[in-house]
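Reviewing the structure listed below.
The values are calculated or read from the model by the stated rules, or taken from the named source; none is laboratory data. All of these numbers come straight from a predicted model, not from anything done at the bench. Cβ placement follows ideal geometry from the backbone for every residue including glycine, while neighbour counts extend to all protein chains displayed. Protein only, heavy atoms only, side chains kept; ligands, DNA and RNA dropped before computing areas. Shrake-Rupley method; radii C 1.70, N 1.55, O 1.52, S 1.80 Å.
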Amino acid sequence: MHSHDTGRFVQPYGEPVPMPNVQALADQGVLFRQAYCAAPTCSASRACLLTGQYGQTNGMLGLAHRGWSLRDYRHHIVNVLRGVGYTSTLIGEQHISKEPEVIGYDEVMKIPTTRVESVAPLAMEVLRRPRDRPLFLSVGFFETHREFLGPGSLRDVHYSKPPNNLPDSPEVRADVAAFKASARSLDHGVGMVLNQLDASGLVDDTVIIFTTDHGMPFPGAKATLYDRGLGVNLILRGPEPFHGGRVNDALVSHIDVYPTICEYLGIERPPFLEGVSLLPILRGEAASVREEIFAGSTWHAAYEPQRAIRTLTHKYIRRWGDRRTPVLANTDDGPSKDLLIRAGWAQREIPKEQLYDLVFDPNEANNLVGEQAHAEVLADLRSRLDRWMRETDDPLLAGHVDPPPGVEINLPDQLSASEPTVRIE
């Protein structure tokens, strides 16, 4: 089960956003506190999760509904699972192809919307079916993407606490209240699916993966390489070792989910995978399986090439190109964005390089590039990022990354993704 734009702004991660069904899932399974997507944009993130590859490898460097696609849909996990006897069903959000039939699912269910009200009942219907083969079921909810549902109460409008990087103003509080209403709807959908799983007697034979694509659709989160953009909820629940109500603090990337499934099912690891299995962590055999996570984005609505490396203690972000001001079309429209634009956000410069000490500066507000005391750390992270880019044959190494023919883009100076687009011929 996966959601849109939720990040970690949910109850199991300590936030004041009630989600009792998701909390119950965490209480029974394993919750990863330091899980990150490999790309903080919708299609790119999902492509990394479901191919086990970084965006520069799988080819999804932009938005599928605007014309980007995977280089090879055979790398999607459903095609590997089919080889060991699984059938597969897709319900709701998928966001990696304009034509979902090309992905490889045996069944793509037609629905009027991808919101909970349409998705959850169909998921319950599928779980009620008799079957003689194992099933891979993808349940994708639109929530908590904008447009949000209306705030659930006047109390929420008045008292909701904004994320730490945003001002505590009436507009932002109301915006967060609307996000919380959508999160409640998401939680309701999760509960419906979990209840049906229990009623169908499938709990003991099912591994549940609950996650989201990237951070919240607020300024400074989604489409950025700060933890607010890369951090995702990730909860696994199932038979041993996906049980116990445990919380784990090891660094985890979305690209690690695919190899974890392969090892758990005894499937030979496909040679194209770039992640690592989490089973040593889950089985208590290792405290961690990686020393860093890598992430990047190239295109969202508009061009904004950037890459990052994050360790347990530091984050290094590098931007490419000559632009030094925000690409506002890559931030979803809403009251919080409007407030920042009125305050002069469009003119604020963004450094080409950023280095943060995540122990003393978890909000990533104090850029340490240029400080001699951190020169050694900066050199190390620069080197490691460069090595990763070479190993993954990152197209940014050759310069500007042009979109392929047929892709629709916004221009970097536009304020909104809703403004007229340019089609690449």
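Results, tabulated for the structure shown:
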{"item": "Unmet criterion (only one of (1) within 19 Å of residue 183 (Cβ to Cβ); (2) more than 10 Å from the chain's Cα centre (by Cα); (3) open to solvent by less than 10 Å² (accessible area, probe 1.4 Å)) for residue 60", "result": "(1)"}
{"item": "Search result, residues across region 238-259 that are surrounded by 24 or more Cβ atoms within 10 Å (Cβ to Cβ) and within 22 Å of residue 183 (Cα to Cα)", "result": "254"}
{"item": "Failed item, numbered, when residue 283 is tested on (1) buried (at least 16 other Cβ atoms within 10 Å of the Cβ); (2) over 12 Å from residue 77 (Cβ atoms); (3) not β-branched (Val, Ile, Thr)", "result": "(1)"}
{"item": "Subset tally (residues that are open to solvent by 20 Å² or more (accessible area, probe 1.4 Å), in a loop (DSSP other than H, G, I, E, B) and within 26 Å of residue 35 (Cα to Cα)) for region 301-330", "result": "3"}
{"item": "Test: residue 65 is open to solvent by 50 Å² or more (accessible area, probe 1.4 Å), on the phi < 0 side of the Ramachandran plot, without any contact (Cβ under 8 Å) to a residue 60 or more places away in the chain and not aliphatic (A, V, I, L, M)", "result": "yes"}
{"item": "Residue, farthest from the chain's Cα centre (by Cα), within region 7-25, restricted to residues that are among the small types (Gly, Ala, Ser) and open to solvent by 10 Å² or more (accessible area, probe 1.4 Å)", "result": "24"}
{"item": "Among the residues listed as 144, 113, the single one being open to solvent by less than 40 Å² (accessible area, probe 1.4 Å), at negative phi and in a loop (DSSP other than H, G, I, E, B)", "result": "144"}
{"item": "Flag for residue 397 being at pLDDT 95 or above, open to solvent by 90 Å² or more (accessible area, probe 1.4 Å) and not small (Gly, Ala, Ser)", "result": "yes"}
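So that you can scan it fast, the table gives a plain yes or no per residue for (1) under 26 Å from residue 38 (Cβ atoms); (2) of a type in the set (Asp, Glu):
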{"position": "384", "(1), (2)": "yes, no"}
{"position": "395", "(1), (2)": "yes, no"}
{"position": "398", "(1), (2)": "yes, no"}
{"position": "403", "(1), (2)": "yes, no"}
{"position": "408", "(1), (2)": "yes, yes"}
{"position": "414", "(1), (2)": "no, no"}
